[in-house]
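Asks: Dropping the structure in here first, questions after.
The values are calculated or read from the model by the stated rules, or taken from the named source; none is laboratory data. Source: prediction; values computed, not measured. No Cβ is skipped: glycine too gets one built from the backbone with ideal geometry, and neighbour counts run over all protein chains shown.
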Amino acid sequence: MNSILNIIIPNNNRILSITIKFLLILLLILFPFGIIFMLRGLITENFFWVASLYLSIIAVISILYFVSITEKITSIFFVGAIFILSTALEAIGLKTGHLFGEYYYSEYFILFLPGSVPLAITLSWLYIVINSFLICRYLIPNPKNSFTIPISAAFIIMLEPFGSFINKYWIWKNNFIPFQNFLTWFIMGFTFVYMLNRSIKFLPLNNFNIISLPSLLMIILILQFLIINLANGYWLYTLAGFLLMISVIRTIKRKYKDAI
């Protein structure tokens, strides 16, 4: 197990490496049990907070991994900037209903930030932006936002029925997801990825594949969304998001096959 983890997690910083490995092992243990429990309806409302913890673990792994493979001062600055900006956007959206549409968050989350924004939601912004950025950065020699954003959008499309309709983590007015929700995610995702694209510098790490861990984290959540969403009858959002992601990745491979 340790040899496999050493392939996907850099050892240039011992503390970060050990922490990431511990959280990843915990995540891999929780993953199958979470799916089984949700499919069998064994998770009651009193334990819905566990999914919030689960998403937070994935986000923390992503952040620590990102910091471990990039110049730390710059990466920590931009992680902090995205954290603050996404929290502010969510707070404004909750207050006004103008950014994402009219919605509110349930009490199933563990911790809340100022503006009644769940910590797990802000961390989810970081998870989606960082992993989409890293995957495209690996696949494309000169990464472009035009490919990173559809990957993020596809993920959000699959996330919506899982988070809103099935687990009731956030509730939309009239139980309808407005188009402006996806539009705002698109615009802000573009802005955040542009910030990373222009500023982040990677450390020279030998015998290490930068895409392994981001891909694994994406696959874990996509599998969870696919299984739970389809089991609950949410075919449209799920298949639309999944097919969009597959088509974008296939387009990248076809266009940049000599660089991959």
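Asks: So, restricting to helices (runs of 4 or more DSSP H) that lie completely within the range 65-173, which ones have at least 1 residues that are free of Cβ contacts under 8 Å to residues at least 24 places away in the same chain and farther than 30 Å from GLY233 by Cα? Before the answer, list the steps.
Replies: Details: elements: 72-96, 119-139, 145-160.
Those helices (runs of 4 or more DSSP H) span 72-96, 145-160.
Asks: A further question follows. When you go through (1) out of contact with any Lys or Arg (no Cβ under 8 Å at 6 or more places or on another chain); (2) farther than 25 Å from LYS253 by Cα; (3) among the hydroxyl-bearing types (Ser, Thr, Tyr) one by one for TYR127, which number turns out not to apply?
Replies: It fails just one condition, (2).
Asks: Within the range 101-159, track down each residue that is modelled with pLDDT of 85 or more, closer than 20 Å to SER75 by Cβ and not hydrophobic (A, V, I, L, M, F, W, C).
Replies: Of everything in the range 101-159, those that are modelled with pLDDT of 85 or more, closer than 20 Å to SER75 by Cβ and not hydrophobic (A, V, I, L, M, F, W, C) turn out to be THR122, SER124, TYR127, ASN131, SER132.
Asks: Here's another thing I want to ask about it. Which of (1) surrounded by fewer than 18 Cβ atoms within 10 Å (Cβ to Cβ); (2) assigned to a helix (DSSP H, G or I); (3) at pLDDT below 90 is the odd one out, the single condition ASN209 does not satisfy?
Replies: (2)
Asks: Mind listing just one residue for me: the one in the range 44-64 that is hydrophobic (A, V, I, L, M, F, W, C) and without any contact (Cβ under 8 Å) to a residue 24 or more places away in the chain and, of those, surrounded by the fewest Cβ atoms within 10 Å (Cβ to Cβ)?
Replies: Here the residue is PHE47.
Asks: Residues to consider are ILE92, ILE121; find the one that is more than 25 Å from LEU213 (Cβ to Cβ) and out of contact with any Ser or Thr (no Cβ under 7 Å at 6 or more places or on another chain).
Replies: Just one listed residue meets the conditions, ILE92.
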